[in-house]
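One structure below.
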Amino acid sequence: MDKDASRKKTIAAEWEPRIVAFFCNWCTYTAADLAGVSRMKYAPNVRIIRVMCSGRIDPQFVLDAYSKGADGVLIGGCHPGDCHYVEGNYKALRRIRLLKRMLADMGIDEGRLRLEWISASEGEKIKTTINDMVETVRVLGPLGIPSRFREWDKEMEIMESRIALEEVTSNV
Amino acid sequence: MEGKNDIRTGFYICHCGTNIAAMVDVDEVARFASELPGVTVSRDYKYMCSDPGQELIRKDIREHNLNRIVVASCSPLLHERTFRNATEKAGLNPYLFEMVNIREHNAWVHTDRRSATDKAKDQIQAAIQRVRHHKPLEKKRVSINSDALVVGGGIAGIHAALTLANAGKHVYLVEREPSIGGHMAKFDKTFPTLDCAACILTPKMTSVKTHPNITLWSYSDVMKVDGYVGNYKVTVRRRPRYVNEDLCVGCLECIESCVYKEGKYPHEFNLGLSKRKPIYIPFPQAVPQVPVIDPETCIEFKSGKCKKTCLEACGDREAIDFTQEEEIKEIDAGTIIISTGFQTFDPTRISYYGYGKYPNVYTALEVERLINSSGPTGGEVTLRDGSVPQTIGIIHCVGSRDQNTNRWCSRVCCMYSLKLAHLLKEHTGAEIYNFYIDMRAPGKSMEEFYNRVAEEGVHLIRGKVADIYPESPDRKDGKLILQAEDTLIGRVMKTPVDMVILAVGLEPQADAQDVRRTFNITCSTEGFFLERHPKLAPVNTFTDGIFLAGCCQGPKDIPDTVAQAGAAAAEALALIDAGQIELEPNTAYIEEEACSGCKSCIPLCPYTAILFNEEKAKAEITEALCKGCGVCVAACPSGSIKQNLFEDEEIFSQIEGILASV
């Protein structure tokens, strides 16, 4: 085994999926509270952001999370028919479906975005969903968009300097 | 000197005793936070929610001139208000505060201290970055309509309605059945005092009917609930009973004179143990004292060819009205108390107990009716063939504490089984065998009652009945053998009995999920309505202005139900008498210059809060109608709609903070 491969292996072993979750205040956030009160144990890879309704989740939030280094995004809302605001969850559903199609075109695996209906009584579902998603994303590996950005920036820099150089030499 | 716009954040992390500190290294997190930009003070404290904890925040705001506060502790659903108040008391706008949930969402659900601490740091960094973008907001207040609605007229609803009415508030009491009284009206005597249910309930029922502040609508359902705390608009459907309540005097001559001389159809109130006529009253003390005509069985409704002797008997009172139609009523109510009760477990789900197969297997509720002196047998406990049972077996925990049916303890079954044992012994002199898993007798005078019944010679056998079968295989209506292991002596017993009583558990009403949707409240895992906090807000729901009372929230006995109903009424009164309530100012608003007038937002709003101003060609939000879901904010293509407390910048900075360590 060469040195580089073993180093990569240690990095892979150290890497932990980082998942950003957007939970609606009424159902899923409360369910996560219930999971806590019930002392259920689940993977520590998810960081939860509270919104009032899953309908508040702008697809840009999801893209922004990826671009800042998230490996996956989990969205939780009330079950269909149960939305505290009548139908915000349907709007979330439509937006997320559309976004998933775009993500496929961008080469982002659909396992990195998950929408789940979790009611306030489903603490257990918080646990299983989070554990399951962490495992899915672990198999997919790091998304690594920030580092890709840096690589692209570097490429651009090199290209720019090459063009500048060419301009200088052609002027001579 | 620092400028006026400097962010000076105070950060506080709570140990919550050891609840948080055992899993999250609070010292490390506090040190970490102290180095984040904009953080002036970073502290940890044993109990942030306590008085000294809050004082810490207030003192720091004054001394260090803080202009942002972040507290990392439990769920904001629990203590956000506490800390906002502390912030406000020190003269800072309460919305310049942000809370981080490191207990329910972190310490309690993780097992590795290192990763839990790292997660807490991410959460905290997100909040500290978010709070920079917070703006001072005005509190939004709405007035509270002093009328209240109580849904469900069992003992819980009755007590809550009377409490409110006695305090001078007008109450609408809506009951689905033809009479109020609920399950309690079916009982004979109540444990542990053995006072008669009717003697303590019926006077209260009558007070409901006669109280000037109560509008009682029985035989009615709530169809729709709109509006918000203090200003609910409720649609109630009053089903036709074909007897005009205003004209009926309650003489019941119509029932007497019905062309059916005897009852012919199963009597619902007596659980089918007796028959009723098509025109009937559920039970003699029913409130309102007005008969109901069942159109399914009345000859006039079926064929139009009845002699209508009831109409004749009613005479010039003219209360009977075959043309009555359902009425839809719209009412305004500021507060709502839900007391829709429970249903008993259906024992046919446990096939080996033979309910429905062996005629002498009864549910406890059926036996309540048999013992009741106004019940189908006038208080005589007899088997289906009319004979008096000599031996009776009572099986506890039917549909309770069972992985295959309901997991919870129904709380009342042990005690009502003991009560039935006592009453049956009194009525029949039979030998009585109670089969229990554990004897649960918590609460005032309960253990004493258990000892009393045990001393009366009732056989108490610790064992779960595994099978019931007829003594002679060809006679289903003969003696039944109860097979159970007496776990105290480790021996299998086969006990022959004449009568089996299944102590069925309590479960949510079949339509609890529909009720939940109608009122926009939540259910717990079992399907009972969920209280806002199991200890600190046991009668509140997550929806402001809607309260819970009685068994719809979970199994409980009559004293606890009445206590809870009183608490729900008190909570409602507190709101009503305050006259107004603060709402979360998380409404959406439009930055007019940026609005392109595309109208995408308008059809999205479920509350029609967004209108299009043709003159300006801009969308406008009516703040009073906005409930703050943020659906329009996420949809606005020009980003001109914003939501207070959930601004884009706030959420983006939160995302950035969460991922800062990546």
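Please compute the Kirkwood hydrodynamic radius of region B:441-542 from all pairs of different C-alpha atoms, in Å with one decimal.
For region B:441-542, inverting the mean 1/r across all distinct Cα pairs yields 18.0 Å.
Using only helices, what value at 222 nm comes out for chain B when you add -39,500 (n - 2.57) per DSSP H run of length 4 or more and divide by the total residues, to the nearest 500 deg cm²/dmol?
Computed mean residue ellipticity for chain B: -8000 deg cm²/dmol.
Among the listed pairs B:K59/B:K135; B:K169/B:K627; B:K277/B:K357; B:K261/B:K307; B:K535/B:K556, which are separated by more than 18 Å between their Cα atoms?
Pairs exceeding 18 Å: B:K59/B:K135; B:K169/B:K627; B:K277/B:K357.
Helix B:155-166 against the longest principal axis of chain B: what's the angle in degrees, Cα atoms only, rounded to the nearest 10?
Approximately 60 degrees, to the nearest ten.
Of the listed peptides A:46-58, B:482-494, what is their order by residue-averaged count of other C-beta atoms within 10 Å, with the highest listed first?
So the order, starting with the most tightly packed, is A:46-58, B:482-494.
Calculate how many DSSP beta bridges within chain B are antiparallel, expressed in % of all such bridges and rounded to the nearest 5.
Antiparallel: roughly 50 percent of the beta bridges in chain B.
For region B:196-211, take each phi angle, set θ = phi - 60°, evaluate the Karplus expression 6.51 cos²θ - 1.76 cosθ + 1.60, and give the result in whole Hz per residue in order, putting x for glycine and proline.
Per-residue couplings from phi come out as 6, 4, 4, 5, 9, 8, 4, x, 5, 4, 5, 4, 4, 5, 8, 5 Hz.
Ranked highest first by the average count of other Cβ atoms within 10 Å around their residues, in what order do B:538-545, B:441-448 fall?
Ranking the peptides B:538-545, B:441-448 by packing returns B:538-545, B:441-448.
Please report the carbon-and-sulfur percent of the accessible area for region A:15-145; probe 1.4 Å, protein heavy atoms only, DNA, RNA and ligands left out.
54
What residue among B:P538, B:T522, B:C551 has its Cα farthest toward the positive end of the dipole of region B:511-556, where the charges are +1 on Lys, Arg and -1 on Asp, Glu, each on the Cβ?
Value: B:P538.
In peptide B:519-529, what is the residue-averaged number of other protein chain Cβ atoms found within 10 Å of each Cβ?
Mean partner shielding for this stretch: 4.
Just check the protein assembly as shown against the gyration tensor rule for me: Cα atoms, a ≥ b ≥ c as the square roots of the eigenvalues, rounded for a/c under 1.5, and otherwise prolate or oblate depending on whether a/b exceeds b/c.
It is prolate, given that a/c is not under 1.5 and a/b is the larger ratio.
How large is the accessible surface of B:D44 in square angstrom, using a 1.4 angstrom probe and rounding to the nearest 10?
60
Might you work out the accessible area of B:H427 for me, using a 1.4 Å probe with all protein chains in place, and round it to the nearest 10 Å²?
80
Which value in deg cm²/dmol, rounded to the nearest 500, describes the helix-derived mean residue ellipticity at 222 nm for chain A, given -39,500 (n - 2.57) per DSSP H run of n ≥ 4 and division by the residue count?
One gets -18500 deg cm²/dmol as the mean residue ellipticity at 222 nm.
Work out the charge dipole of chain B with +1 on the Cβ of Lys and Arg and -1 on the Cβ of Asp and Glu about the Cα centre, then indicate which of B:A364, B:I124, B:F97 is farthest towards its positive end.
The listed residue farthest towards the positive side: B:A364.
Please give me, ordered by residue number, the GluC sites (Glu not before Pro) of region B:1-82 that lie in loop per DSSP and have at most 15 other Cβ atoms within 10 Å.
B:E2, B:E35
Could you work out the relative contact order of region A:15-145? I mean the mean sequence separation of Cα pairs under 8 Å and 6+ apart, divided by the number of residues, in percent.
Contact order relative to length: 38 percent.
Given +1 on the Cβ of Lys and Arg, -1 on the Cβ of Asp and Glu, and no further charges, what dipole in debye does region B:19-62 carry about its Cα centre, rounded to the nearest 20?
The dipole of region B:19-62 has a size of about 220 debye.
Collect residues whose amide H, placed 1.01 Å from N in the peptide plane, falls under 5 Å from the amide H of B:H15; neighbours closer than 5 in sequence don't count.
HN-HN under 5 Å from B:H15: B:Y45, B:K46, B:Y47, B:M48.
Please give the peptides B:546-554, B:521-529 ranked by average Cβ packing (other Cβ atoms within 10 Å per residue), highest first, as a rough proxy for protection.
B:546-554, B:521-529
So what is Rg over Rh here for region B:103-203, counting just Cα atoms and using Kirkwood for Rh?
Over the Cα atoms of region B:103-203, Rg/Rh equals 1.34.
Would you list B:Y228, A:Y42 from the most to the least accessible area, probe 1.4 Å?
B:Y228, A:Y42
If you count only protein heavy atoms and use a 1.4 Å probe, how large is the accessible surface of B:S115, to the nearest 10 Å²?
30
What aspartates and glutamates does A:K91 reach when the alpha-carbon gap must be under 17 Å and sequence neighbours fewer than 8 apart in one chain are set aside?
Within the straight-line cut-off, A:K91 pairs with A:D58, A:D82, A:E116.
If you count the DSSP beta bridges with both ends in the protein assembly as shown, what percent of them are antiparallel, to the nearest 5?
45
Going by alpha carbons, how many degrees (0 to 90, nearest 10) lie between the helix axis of B:558-578 and the longest principal axis of chain B?
Orientation of helix B:558-578: about 40 degrees from the principal axis.
Accessible area lost on pairing B with A, both sides, 1.4 Å probe, Å² to nearest 100?
Using a 1.4 Å probe, the pair buries roughly 4300 Å².
Only four residue types carry charge here, +1 at the Cβ of Lys and Arg and -1 at the Cβ of Asp and Glu. Report the dipole size of region A:15-145 about the Cα centre in Debye, rounded to the nearest 20.
160
When the Karplus curve 6.51 cos²θ - 1.76 cosθ + 1.60 is applied with θ = phi - 60°, which whole-Hz ³J(HN,Hα) does each residue of region B:385-393 get, with x for Gly and Pro?
Per-residue couplings from phi come out as 8, x, 7, 8, x, 9, 9, 9, x Hz.
Name the residues whose placed amide hydrogens come within less than 5 Å of the amide hydrogen of B:M493, ignoring near sequence neighbours (fewer than 5 apart) on the same chain.
Placed amide hydrogens put B:A484, B:E485, B:D486 under 5 Å from B:M493.
If a/c stays under 1.5 just call it rounded; otherwise compare a/b with b/c (prolate if a/b is bigger, oblate if not). Do that for region B:187-310, with a ≥ b ≥ c from the square roots of the Cα gyration tensor eigenvalues.
It comes out oblate by the Cα gyration axes.
Taking θ as phi - 60°, what are the ³J(HN,Hα) couplings along region B:521-531 by the Karplus curve (6.51, -1.76, 1.60), each to the nearest whole Hz, with x for Gly and Pro?
Here the 3J(HN,Hα) series is 10, 10, 10, 7, 3, 6, x, 6, 5, 8, 7 Hz.
With the cut-off at 1.5 for a/c, could you classify region A:15-145 from its C-alpha gyration tensor as rounded, prolate or oblate?
oblate
What does the charge dipole of the protein assembly as shown about its Cα centre add up to, to the nearest 20 debye, if the Cβ of each Lys and Arg holds +1 and the Cβ of each Asp and Glu holds -1?
My answer is approximately 860 debye.
Once amide H atoms are built 1.01 Å from N in the peptide plane, which residues 5 or more positions from B:I501, or in another chain, come under 5 Å H to H?
B:Y362, B:G393, B:I394, B:I395
Dividing the Cα radius of gyration by the Kirkwood radius, what Rg/Rh value follows for chain B?
Taking Rh as the inverse mean 1/r over Cα pairs, Rg/Rh reads 1.06.
Just the projected area, averaged over all directions, of the convex hull on the alpha carbon atoms of region B:477-516: how many nm²?
It is 5.1 nm².
Measure off, as a whole percent, the carbon and sulfur share of the 1.4 Å-probe accessible area of region B:7-113, all protein chains present.
Roughly 46 percent, rounded to a whole number.
Are there any residues in region A:76-118 with a reduction of at least 40 Å² in accessible surface when going from the isolated chain to the assembly of protein chains? Probe 1.4 Å, please list them by number.
With the partner chains in place, region A:76-118 has these residues losing at least 40 Å²: A:D82, A:H84, A:Y85, A:K91, A:R95.
Using Cα atoms only, what is the angle between the long axis of helix B:648-658 and the major principal axis of chain B, expressed in degrees (0 to 90) to the nearest 10?
Result, in degrees: 90.
Reachable aspartates and glutamates from B:K616, Cα under 12 Å, same-chain residues fewer than 8 places away excluded?
B:E592, B:E593
Which one of B:I602, B:G386, B:G152 is farthest out on the positive end of the charge dipole of chain B, using unit charges on Cβ (Lys, Arg +1; Asp, Glu -1) and the Cα centre as origin?
It is B:G386.
The values are calculated or read from the model by the stated rules, or taken from the named source; none is laboratory data. All figures in this text were calculated on a predicted structure; none of them were measured in a lab. Counting neighbours? That spans all protein chains shown, and the Cβs are built from the backbone with ideal geometry, glycine included. Calculation scope for accessible area: heavy atoms of the full protein, side chains included, ligands and nucleic acids excluded. Shrake-Rupley method; radii C 1.70, N 1.55, O 1.52, S 1.80 Å.
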